[in-house]
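The structure appears below as structure tokens.
Throughout, read-outs are computed from the coordinates displayed, never taken from laboratory work. Small disclaimer: the values here were computed from a predicted structure and weren't measured. Because the Cβ atoms are built from the backbone with ideal geometry, glycine has one as well, and the counts that use them run over all protein chains shown.
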Amino acid sequence: MISRGQIYFVNLSPTHGREQAGRRPVLGAATVVSLLISVVQVMTSIQDTTVTTVPRLTVVGAILFVLIPWMLNHLVSFTVLLFADFRPYTR
């Protein structure tokens, strides 16, 4: 238990740790597709919501389908690393 007056410094850097320093290809692809569709909508004055939703879902689904082995590999290696040395988390 933390008593009054105790100070703990925490490193909240988003890349501190192996699981946070990775790539995020699905998020990047969804962002790029959304940006391109938004530019096309502004240029053509089309404001239909399905024009933005369907291509974004299609691209995200395709990328997830292609990258499932890569993501599962990272998930399994992180889980094995987590359970291999559980002492730091029990303090």
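Annotations for the structure displayed:
- Scanning segment 53-91 for residues that are basic (Lys, Arg), assigned to a helix (DSSP H, G or I) and free of Cβ contacts under 8 Å to residues at least 12 places away in the same chain yields one hit, 87.
- Of the candidates 31, 50, the single residue that is on the phi < 0 side of the Ramachandran plot, part of a helix (DSSP H, G or I), surrounded by fewer than 10 Cβ atoms within 10 Å (Cβ to Cβ) and out of contact with any Cys (no Cβ under 8 Å at 6 or more places or on another chain) is 50.
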